[in-house]
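The values are calculated or read from the model by the stated rules, or taken from the named source; none is laboratory data. All figures in this text were calculated on a predicted structure; none of them were measured in a lab. Backbone-built Cβ (ideal geometry, glycine too); neighbour counts: all protein chains shown.
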Amino acid sequence: MIVSYVGYIKKSLRIHVEPNKITQVDIPLAPSSYELQTIEKVGQRVAESNATDISLQRITVKELEDLPKGVETDVFRSLQYLPGVQSTGDVSARYYVRGGSADQNLVLLNGVTLYNPFHALGLFSAIDPEVINSIEFYKGGYSAEFGDRISSVLKINTKDGNKNNFAAKASSSFLTGKLLLEGPLPAGSFMITGRKSYSNDILKKFLNEQTVPADFYDMSFKANFSSPNLIKGAKVTFHGFFSGDKVSNGDPFKEDFEWKNNLFGFNWFQISDSPLFLELGLSFSDFKGEVIPNFSNVKPKLNKVEDVTFKTDFTYVYDSKDEFSVGVHVKDIETKLFLENSKGAVSNVGTHGTLLSFYAKYKFLRYENLGIDIGSRINLTGLSGAGDNTGGFEPRLSFTYRIIPEIAIKGAWGIYSQELSTVTDEDEVITIFEPWLINPFYLKPTQSRHYILGVQMQPYNFLQFNVEGYYKDIFSLPLLNDNKAFSTDNDFVAGKGESYGIEFMVRLTADPVRFTASYTNAYSYKEIDNWVYYPRYDVRHSANISLEYNWGWGVSSSLVWIYSSGLPFTQLSGFYDKYFIDDIYFDGNFYHNQIPISILDDKNLGRLPDYHRLDFNISKKFDFTFFRGSIDFSIINVYDRKNLFYFDKNTGERVNMLPFLPTATVKLEI
Amino acid sequence: MMKIFNKILFVLIISLFAISCSEDYEPFGVYRENYIMNSVLRSDTTQQIVTVSSSYNIRNFETGKVKDPAIEGAIVRIWEGDKVEFFSEASVPSQPGGRYSTPFIFYTVDNFVPKAGTTYEIEALLPNGRRLKSTTTLPKKISFYTNISKRIPPEDDSEIIHVAWFAPEPDRYVAARFKVVYFKNENGTEVRYEKIVPQEYIEFNGKILPHYPEPSFTNSIEIELKTFSRAMEEISEGEPDKTKFKILAFILEIMVYDEYLTSYYASTSAISEDFSISLDQAEYTNIEGGLGIFGSFYKQRTAVKFTHEYIRSFGYEPGLTE
């Protein structure tokens, strides 16, 4: 066997294989300091396998690093370059997938749910890209092993660490400094990394020159062990992720904010002599978000999520290449939301529930030109205690049929449910406090049906076309009750959602050039009390064009142009003099406290101007005798497009998104 | 070849400049005329006031240039059961720095004191035939718990002045405050003043700042004795002769809002967290056929006992017996 990988020294070795047995061999590769300019092509590559991977995007760390950086490489911002993924502006890294809201996206870090994957008011990802090994992003139609989110799944796995040598990486941007350490352990390896913000100046560019006194850190580790001397065929992994954010105004008459994530997981992957794979996982994921009012008039708020999950998954691989998978997932979640209740006292409106899910699926992979993934997830108990989810049946189907080697038809259908959502004010363009809550007992679990059909064409090795159409409807969507006037009124009402669209993508990969272009035509609607409106992230047309070029000698550059037609907003239908009670004791004449206020037209019928932006990135890698490193230079919004973020409804003041913004990052590796 | 490249580059640069400009958008939809009525019935006065106005259609944001949208010639009536009272139109000169330079037009009724627990219905018939209607029920009286000490300083040496009451309607906002009523001898004449006691004093950037409470669903008020004492000291701040001050009474004033005023205050005072940017403000009204508020409040007062020793500790004279 010859094992080679870009950036590592090629290795040759002999392997003894026994019939009807899986042979596991760990092959450590030593890093190479040579930069390959070209890759030799051997044989004719088949366009794609029969993998049932519709709506799945695999993103490599290299692709992440080549993209222009707002301030730093950011996983979530990179998703926004994909067709079908929307953002509501440069300010937020939150993303919306095929008409679903942000809380319908599942973020899994090493298989564990991460509840607040953002830093600094949602401006950046909390996951340091340095630790990422692989990213899989499902835009819909995902199979039965994934549950409790109805729009998308982002699966991020972190690196195991260098098994041969100890190494250290340090890097610095305008916002943070970070350090990564990795190295071998007896029968394994480890990786530990930490990142800390040290300056807020760059954040002003994101928030209309407003000072954001944000301070944050994140830290993650992973240690893995696999040795025949311990347990044959086993790989045991411990991993953790901790992040914290603070916004401290330093003024007793202003509120402060705090967020924390603590995530810890244990994973045991076992292969045996038969082709049976077993994976056991136990994890804890805590989230805490708090509004500390100090002496301001803002109400105190505290949200906590405590998630304990146990997973066990079995996969059996048949001689025919078919696979049968079955698993049991137990999720015990407690949400707490402390608010001032109607009596002015603090109350906890959270709840506690256990979700016991079972899934089974069968993958037909025996035919070269056909792949079918059919299965179902069954929720034996529900989180919310609404009573309607017991026995919840979520059948799912995904297929790939290759008509000729160059053309494949792919499709997926499935039912998905979710019982945990954020309390989000849709009228806010920036929401600083979005507490997680298990759906109230008076609402059924949120359910969605996905219908996806696509064609993939690869006429040449270097050229690929993808077309995907989708339709998604959502039921029992928990929406804030805008008509709540009294404490006895429900906080949520059940809404509906519907979205559909078509996505086109062309990708050309001919070293040293990589070119990607995509276009999406999409529609999304929400309905509440028989009133249908466009949600804030409904974008009719969007397009992305990216061009990456490897110049050799460690220099690479990229140019990305993003376009989207205008986001919906609520127009004004006039003004009136509104009476504001500024004197709560009514000592003066009340009629003098009248201020002109706009009257709103029907919700979200207007459209903001089109959004577009050109970003540029160039990076240079360099090697010295005892260390290597890279310098990265990016320009966001090269032609300084004045993209409208929002306008003040009472003064008309226009607030734009990111202006022309040059940034740089330096990275050193020992 | 170079010429073609230069041309392309030129066109590209011009195009980039063109698209980098900000694009216009239409912030205004179709204008729909709205009418607004505001009135808060108050139990502490005999004169009640109503304002009636219309919305205005401007296609820019120059709200400072509009004329006073107050509506003249409306017929405004209020019912208490079968009894009806008519409001009469009145105006007062505009205040310096006010929003409009023209006189302020309003409707008023005299000798009208709303009663606790009573429902009132109001109607404004506009000159164009439009009708604005609403109702309010004045909050019921609260009753103070007698088993809680109400003395300054507290009898139990707890250092906290605590007064609690029973509110028959718990979902109503309450604004409560302590006042110190005193006389100051100014050139031989005793002039009456009131000092409002804050909830607490906060030190910030080397300054001591008072913090006043917001209306809430509370049924008690607690203030530390040191806060009272600081408020007492402030009465004579800068005045070396403390004997000029005569403390008459410590008054607890409690105002209970009706359910509509409670909701209206909650919606107008709703404060987003810092850095949250809300596009659509909360809009609450109980006016049938228009916008605005028809609410009410009931005000009650109770005197809090005090010791002469406490008043004299500041150098002041007690004005009443303990």
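A few notes on this one:
- Restricted to region A:400-411, and to residues there that are part of a strand (DSSP E or B) and surrounded by fewer than 19 Cβ atoms within 10 Å (Cβ to Cβ), the residue that is farthest from the other protein chains (Cβ to nearest Cβ) is A:Tyr401.
- Test: residue in region B:165-176 that is touching an Asp or Glu at 6+ places or on another chain (Cβ under 9 Å), closer than 27 Å to A:Asn294 by Cα and in a strand (DSSP E or B): yes
- Checking B:Thr51, B:Thr46 one by one, the residue that is in a loop (DSSP other than H, G, I, E, B) and either in contact (Cβ under 8 Å) with a residue 12 or more places away in the chain or buried (at least 16 other Cβ atoms within 10 Å of the Cβ) (or both) is B:Thr46 and no other.
- Residues of region A:193-243 classified as surrounded by 17 or more Cβ atoms within 10 Å (Cβ to Cβ), more than 14 Å from every other protein chain (Cβ to nearest Cβ) and either farther than 21 Å from A:Asn116 by Cβ or at pLDDT below 80 (or both), total: 10
- Restricting attention to region A:613-624 and to residues that are buried (at least 19 other Cβ atoms within 10 Å of the Cβ) and of a type outside the set (A, V, I, L, M, F, W, C), the residue that is farthest from B:Ile105 (Cα to Cα) turns out to be A:Ser619.
- Selection from region B:201-214 of residues that are facing chain A (nearest Cβ under 10 Å), more than 16 Å from B:Lys179 (Cβ to Cβ) and under 24 Å from the mean Cα position of the chain (by Cα): B:Ile202, B:Leu209, B:His211, B:Glu214
- Listed conditions (1) more than 21 Å from A:Lys178 (Cβ to Cβ); (2) within 14 Å of chain B (Cβ to nearest Cβ) are all met by A:Ile618, apart from (2).
- Of all residue pairs spaced 6 or more apart or on separate chains, those with beta-carbon atoms under 7 Å, a first member in region A:575-602 that is more than 7 Å from chain B (Cβ to nearest Cβ) and a second member that is assigned to a strand (DSSP E or B) and modelled with pLDDT under 85 are A:Lys578/A:Gln594.
- Output for region B:27-59, where each listed residue is under 27 Å from the mean Cα position of the chain (by Cα) and within 7 Å of chain A (Cβ to nearest Cβ): B:Asn34, B:Ile36, B:Asn38, B:Val40, B:Arg42, B:Ile49, B:Thr51, B:Ser53, B:Ser55, B:Tyr56
Matching residues to (1) away from chain B (no Cβ under 13 Å); (2) not in a loop (DSSP other than H, G, I, E, B):
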residue	(1), (2)
A:Gly250	no, no
A:Glu258	no, yes
A:Gln270	yes, yes
A:Leu278	yes, yes
A:Phe284	yes, yes
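- If the condition is being under 18 Å from A:Ile27 (Cα atoms) and in a strand (DSSP E or B), then region A:219-236 contributes A:Ala223, A:Asn224, A:Phe225, A:Ala234, A:Lys235, A:Val236.
- Matching residues in region B:167-185 - criterion: being under 30 Å from B:Glu239 (Cα atoms) and of a type in the set (Phe, Trp, Tyr): B:Phe178, B:Tyr182, B:Phe183
- Any chance A:Leu79 is surrounded by 22 or more Cβ atoms within 10 Å (Cβ to Cβ), modelled with pLDDT under 85 and either among the aliphatic types (A, V, I, L, M) or in contact with a Leu (Cβ under 9 Å, 6 or more places away or on another chain) (or both): no
- Any chance A:Gly414 is over 30 Å from A:Lys301 (Cβ atoms), crowded, with 21+ Cβ neighbours inside 10 Å and either away from chain B (no Cβ under 14 Å) or in contact with a Ser or Thr (Cβ under 9 Å, 6 or more places away or on another chain) (or both): yes
- Restricting region A:1-29 to residues that are part of a loop (DSSP other than H, G, I, E, B), within 32 Å of the chain's Cα centre (by Cα) and not polar (S, T, N, Q), the residue that is modelled with the lowest pLDDT: A:Gly7
- Boolean, A:Lys361 is at pLDDT 95 or above and assigned to a strand (DSSP E or B): yes
- Restricting B:Phe245, B:Phe217 to those that are farther than 30 Å from A:Arg536 by Cβ, within 14 Å of another protein chain (Cβ to nearest Cβ) and of a type in the set (A, V, I, L, M, F, W, C) reduces the list to B:Phe217.
- Residue in region A:424-431 that is more than 21 Å from the chain's Cα centre (by Cα), surrounded by fewer than 19 Cβ atoms within 10 Å (Cβ to Cβ) and not aliphatic (A, V, I, L, M) present: no
- Looking only at region B:179-204, residues that are under 20 Å from A:Asn297 (Cβ atoms) and out of contact with any Ser or Thr (no Cβ under 9 Å at 6 or more places or on another chain) come to 4 in all.
- Residue in region A:549-556 that is within 33 Å of the chain's Cα centre (by Cα), within 14 Å of another protein chain (Cβ to nearest Cβ) and more than 27 Å from A:Leu180 (Cβ to Cβ) present: no
- Matching strands (runs of 3 or more DSSP E) fully within region A:421-479 where at least 3 residues are in contact with a Lys or Arg (Cβ under 9 Å, 6 or more places away or on another chain): A:446-460
- Breaking point among (1) free of Cβ contacts under 8 Å to residues at least 60 places away in the same chain; (2) out of contact with any strand residue (DSSP E or B) (no Cβ under 6 Å at 6 or more places or on another chain), for A:Leu123: (1)
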